[in-house]
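These notes are about the structure you will find just below.
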Amino acid sequence: MDWRSQLEILTGNAAEIVAQDELAAKLKRSVQVGRPLRVKLGLDPSAPDIHLGHAVVLRKLRQFQDLGHEVILIIGDFTGMIGDPTGRSETRKQLSRPEIEENARTYKDQIFKIIDADRTRVVFNSEWLAPLDFAQVISLAARYTVARMLEREDFADRFRANRPIGIHEFFYPLMQGYDSVELRADVELGATEQRFNILMGRTLQKEYGQEPQVMMLMPILVGLDGVRKMSKSFGNYIAIQDPPSEMFGKAMSIPDEAIGEYFRLATTVPTVEIGALEQLVKEGGLNPRDAKMKLGREIVSLYHGAEAAGQAEEGFVRVFRHGQLPDDILEVSLGEMKEEGDKVWLVRLLVETSLAGSNSEARRLISQGSVKINEKRMSDPEEEIQVQTGDIVQVGKRRFARLKVR
């Protein structure tokens, strides 16, 4: 494909590019000499559950692959022992080697649902960072100042508040930038919150006499609450490994005003089609619920296939429009805990069936009226109920468990 067409595709949906004229020049040269660009994405294996927010950057990476460029995925096993201080108000806990290796394996299993494994070069930055001797580390550190480092918002906030900043944390962006030097990266991708780290790569490449990489930042996808960024910590995420029914149901729960953003950042629907859909919703020609049904189908199809998407939609309609129970309710055995007809504390039941993560969460769900037993709404967190095999426990609109009592 000619470089102008590539530029149009690759710049789509990007939040910031530094600098677009440099990207155009690199693409033009790539076409002329027949050398693909080296496109870098670094991941610290500290949180291996990938959600649609992470997938925004990964899908852009896939575009580079589909245009014939070389994708280099860096598993930050060495930088992961420090932990990215981005957005942190305190020093991040350092990971052990076994934790890093397990998280890295899980990351790769998920990432290759989006990018092509056969066209991806996977490297670990310990390959070049671990052999550096102390003199080389000092030489690296001498290429950046503390004053520049404190321009970084999270460091500046902690410094003003007199909260500790470990010296080792300053090395995180330096090491991430050195990755770009080692790989001679042409382009580095990341989310907007990674701006400081990626600019460091440009700075160090210049210091080492290399042509600086282009920085391409992708938007941060808003979570299901429509307010905060998508995050497992906030519980407002759609994981790419969520079952089809769960993924579809979550997509249906997003605020109406986020429909367009989700289509643009989480699907492959053409921009022109998304614009037409948004206009229809705005003019009242399309119910937002129907737009979200299409969104749910598109998202589930990407990760589970069209057949699973169709089944997820049918299940959603059956449960939420017609009030029927889903077909695939998970059966949970209470094992040695109780026998038929025994009583069990409702809070404990929710925790034992994994419908709540803790006693406090279970109490909150019950008090909010989110819990039903056999269609009867429960309101007293202190209540004890008789349990029978076949009882249906429901939390909210999407979570069910069928009890099996010995």
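The values are calculated or read from the model by the stated rules, or taken from the named source; none is laboratory data. Treat the numbers as computed from the prediction; the structure is a model and nothing was measured. Every residue, glycine among them, receives a Cβ derived from its backbone with ideal geometry; neighbour counts consider all protein chains shown. Only protein heavy atoms, including side chains, enter the accessible area calculation; ligands, DNA and RNA are left aside. Shrake-Rupley method; radii C 1.70, N 1.55, O 1.52, S 1.80 Å.
Per residue, the chain reaches -13500 deg cm²/dmol at 222 nm when only DSSP H runs of four or more residues are counted, each adding -39500 (n - 2.57). For the chain, give the percent of accessible area contributed by carbon and sulfur heavy atoms, probe 1.4 Å, rounded to a whole number. Within the chain, the accessible surface is 48 percent carbon and sulfur. For the stretch 114-244, the Kirkwood radius over C-alpha pairs fed into Stokes-Einstein at 37 °C and 0.692 mPa s yields D = 191 µm² per second. Relative contact order, whole percent, for the chain stands at 13, derived from Cα pairs under 8 Å and 6 or more residues apart. Within the same chain, aspartates and glutamates fewer than 8 places from Lys292 are excluded, and of the rest, those with a Cα less than 20 Å from its Cα are Asp225, Asp242, Glu246, Asp256, Glu257, Glu261, Glu273, Glu278, Glu283, Glu307, Glu313, Glu314. The mean accessible area for residues of the stretch 152-213, using a 1.4 Å probe and ignoring ligands and nucleic acids, is 42 Å² per residue. So which of Lys113/Lys232; Lys232/Lys343; Lys282/Lys372; Lys60/Lys294; Lys40/Lys397; Lys26/Lys282 end up more than 29 Å apart, counting from Cα to Cα? Beyond 29 Å between Cα atoms: Lys232/Lys343; Lys282/Lys372; Lys40/Lys397; Lys26/Lys282.
What's the Kirkwood radius of the chain in Å, using all Cα pairs? It is 23.9 Å.
Please sort by residue number the chymotrypsin sites (Phe, Trp or Tyr not before Pro) in the stretch 193-262 whose DSSP state is loop and whose Cβ has at most 16 other Cβ atoms within 10 Å.
Tyr208, Phe234
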